[in-house]
Amino acid sequence: MTAASALPDITVGYFNQSLIGFQNINGSDVFFGSSDRFVEIQCWCRDTAYFFSNAAEVKSMDYKVQALQMEAENEKLILQTQLQSAFQLYEQNLAQYNYFVTVALPNAETIINSATVAFNSGDIGYIEYLAALQTASDTQLEYLQSINQINQAVVSINFLINQE
């Protein structure tokens, strides 16, 4: 806002006209000649107090826009951080899943086969056989839980991607 715009706005108008001939004034005809002139002078003064308040309102709106932009940037950073964490969790769950597929499940299958052979041959008793089956089934359950964790991570990633 410039200093000139802070001053009051003053406008002056001047009007000068001749109407020659008879004119009806309050029901009677009156003759007006070229020496009869109709003159009007107008002066307008526009107060700047409105402009000061308007300028303050505009400045306030600018601050609100800036605050909303900063809030949006903050939310974007939060979403990006959450998305990065979700991808890291997905990678961890995928590594755990790959461990189960390559190491733990084959070992569980070996435990089941060895325990079945040992039980059938009488080398181990019923309790030992059940303990081996329990260990193998716990491994298989953990494998299924790792699949669930991967699925949950994918759902979380998709949710966060759709939030951006």
- Query: Amide H to amide H, which residues 5 or more places from Phe32 or on other chains are under 5 Å from it, using H placed in the peptide plane?
  - Reply: Gly21, Phe22, Gln23
- Task: Would you grab the residues whose amide H sits under 5 Å from the one on Ile124? Only those 5+ places off in sequence or on another chain, please, with H modelled 1.01 Å from N.
- Result: Phe119
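Using a simple charge model, +1 on the beta-carbon of Lys and Arg, -1 on the beta-carbon of Asp and Glu, nothing else, what dipole does the range 18-164 show about its Cα centre, in debye to the nearest 20?
Charge dipole of the range 18-164: 400 debye, to the nearest 20.
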- Find how much the distance from Ala131 to Ala56 grows on full extension, using 0.36 nm per residue of separation minus their present alpha carbon separation; answer in nm with one decimal. 19.1 nm
- Which of rounded, prolate, oblate describes the range 60-110, given a ≥ b ≥ c as roots of the alpha-carbon gyration tensor eigenvalues and a/c under 1.5 marking rounded, otherwise prolate only if a/b is larger than b/c? prolate
- Mind ranking 123-131, 61-69, 139-147 by how tightly packed they are, going by the mean number of other C-beta atoms within 10 angstrom, highest first? 139-147, 123-131, 61-69
- Give, in nm to one decimal, the length gained when the segment between Val30 and Val103 is fully stretched (0.36 nm per residue of separation minus the Cα-Cα distance). 14.4 nm
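Coordinate-derived values only; no laboratory data. Please read these numbers as outputs of a predicted model, since none were measured by experiment. Here the Cβ is made from the backbone with ideal geometry for all residues, glycine too, and neighbour counts use every protein chain on show.
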